[in-house]
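The values are calculated or read from the model by the stated rules, or taken from the named source; none is laboratory data. Worth saying up front: this structure is predicted, and the values here are computed from it rather than measured. When we count neighbours, we look across all protein chains shown, and the Cβ atoms used for this are built from the backbone with ideal geometry, even at glycine. Note: areas computed on protein heavy atoms with side chains; ligands, DNA, RNA excluded. Shrake-Rupley method; radii C 1.70, N 1.55, O 1.52, S 1.80 Å.
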Amino acid sequence: MKASDMIRSALVSAGKTQRELAEFMGWSPQNLSGRLKNDTLTFDELTKALSMAGYTVKMVSTAGMELPALGNSSSPRVVQMVDGVTYDTSKAESLCTSKAEHSEEFYMELFKDPSGAYFLAYYQLWDGGDNHISPVSKGASKKFWARYSGLPDSEMK
């Protein structure tokens, strides 16, 4: 199935028109029509168009494993090199946080990066606060997970 076919099916399913999609995308109806006809949408445009019809795009392996959502944290981005390794919260999956309330000024968040390494980001959100990263072992990450996720460590990613 082509991207244009996916969009047309999603629009029909959602009861939306191509004119509505063109407006949502910020394009003229003619521009949208041409892109669909020539099947020249970028992946980002496809994702945005499908979201307008109420769909999300996700990648699933043949074994049924979903690709983790990297950069899924709502906390400030922290990038830090520790022992020659660069850790970046925007390029890692947030697993859980010690943050109990939206207004907390100090909390920790557990991350797993694409290489499988676990690390904690420490957030100090007051003036002069220092956000930083500490790598942690899988054992330590399981303890953090068990304490703050509310789920057993056997369910940790």
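In Å and on Cα atoms, what radius of gyration and Dmax does segment 20-64 show?
12.5, 41
Which helices pass in the chain if a helix is a full DSSP H run, must span at least 30 angstrom along its long axis by Cα, and must have mean Kyte-Doolittle hydropathy not below 0.5?
Span-like helices in the chain: none at all.
Going through the cross-link list K58/K91; K2/K157; K48/K157; K2/K91; K48/K91, which pairs have a Cα-Cα distance over 25 Å in this structure?
K2/K157; K48/K157; K2/K91
Run the helix sum for the chain: -39,500 (n - 2.57) per DSSP H stretch of 4+ residues, divided by residue count, reported at 222 nm to the nearest 500 deg cm²/dmol.
The helix-only estimate for the chain comes to -9500 deg cm²/dmol at 222 nm.
Counting Lys and Arg as +1 and Asp and Glu as -1, what is the net charge of the other residues whose Cβ lies under 13 Å from the Cβ of A14?
Computed value for this residue: +1.
Which number do you get for Rg(Cα) / (2.2 N^0.38 Å) in segment 1-42?
Its radius of gyration relative to the 2.2 N^0.38 Å reference: 1.05.
Taking 7 Å along the Cα-to-C-beta vector as the label spot, tell me the V60-S137 distance in nanometres, rounded to one decimal.
Between V60 and S137, the simple spin-label model gives 3.7 nm.
Subtracting the Cα-Cα distance from 0.36 nm times the residue separation, let me have the gained length for V82 to E155 in nm, one decimal.
23.5 nm is the gain from fully extending V82 to E155.
Using a probe radius of 1.4 Å on heavy atoms only, what accessible surface per residue do you get for segment 108-157? Whole Å² is fine.
Result: 56 Å² of accessible area for each residue.
Net charge near A121, counting Lys/Arg +1 and Asp/Glu -1 over other residues with Cβ under 15 Å of its Cβ?
Net charge around A121: -3.
For segment 1-156, what % of the accessible area comes from carbon and sulfur atoms, probe 1.4 Å?
With neighbouring chains kept in place, the figure for segment 1-156 is 51 percent.
Among T42, S115, G84, flag the residue with its Cα farthest along the positive direction of the charge dipole of the chain, charges on Cβ as +1 for Lys/Arg and -1 for Asp/Glu.
Farthest along the dipole direction, towards plus: T42.
Bin by bin, in steps of 5 Å, what percent of the Cα pairs in the chain do you find, going until the bin that has the longest distance?
2, 8, 14, 15, 12, 10, 10, 11, 10, 7, 2, 0
Mind pulling up the Rg/Rh value for segment 1-91? Radius of gyration and Kirkwood radius, both on Cα.
1.14
For L70, L41, L50, give me the order by solvent-accessible area with a 1.4 Å probe, most accessible first, ignoring ligands, DNA and RNA.
Result of the area sort, largest leading: L70, L41, L50.
Using +1 on the beta carbon of Lys and Arg, -1 on that of Asp and Glu, and nothing else charged, what's the dipole of segment 18-157 about the Cα centre, debye to 20?
440
What is the distance, in nm, between label points placed 7 Å from the Cα along the Cα-to-Cβ direction at N38 and at A14?
Reported label-point gap for N38 and A14 is 2.4 nm.
Return one whole number: the accessible area per residue of segment 1-102 in Å², for a 1.4 Å probe.
The answer is 67 Å² per residue.
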